[in-house]
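The structure under discussion appears below in the form of structure tokens.
The values are calculated or read from the model by the stated rules, or taken from the named source; none is laboratory data. Note that the coordinates shown come from a computational prediction; the quantities given were computed from them, not determined experimentally. Please note: Cβ atoms are built from the backbone with ideal geometry, for glycine as well, and neighbour counts cover all protein chains shown.
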């Protein structure tokens, strides 16, 4: 168990090293069930740096599609990888692109879990028409 500012993350340390510090902090405020749900969803959505390099090197230009950036993918194809300059630059930028994509996925999953819990734990509102109090 990792303790972060009085919040507990009860997940494997190897897994938590992949997480952005702010996401890790927010995850520490969640229940154990939420943390397990987060881990399961993140494992299914995260992108591998190895597979991104395979896409970049063996299937030129498909790395943006792999990361879900279809607009950049189309632009990459239309410019032929910026006459290969863009393609060479992406060899060095790819680690950061994958990291940004995974951080975005972490934040998105955290929001999904938060919004799901709001609906599960929300108490139904009382219908004001059923109230016995009369408003003058």
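Evaluating residue 19 against the criteria (1) outside any helix (DSSP H, G or I); (2) surrounded by 13 or more Cβ atoms within 10 Å (Cβ to Cβ); (3) at pLDDT below 85 leaves one unmet condition, (3). Give the residue that is farthest from the chain's Cα centre (by Cα), with candidates limited to residues of the range 41-68 that are surrounded by 13 or more Cβ atoms within 10 Å (Cβ to Cβ), in contact (Cβ under 8 Å) with a residue 24 or more places away in the chain and not in a helix (DSSP H, G or I). Here the answer is 60.
If only one of 30, 5, 93 is at pLDDT below 90 and over 19 Å from residue 111 (Cα atoms), which one is it? Of 30, 5, 93, the one residue that is at pLDDT below 90 and over 19 Å from residue 111 (Cα atoms) is 5.
Within the range 126-136, not a single residue is farther than 21 Å from residue 44 by Cβ and at pLDDT 85 or above.
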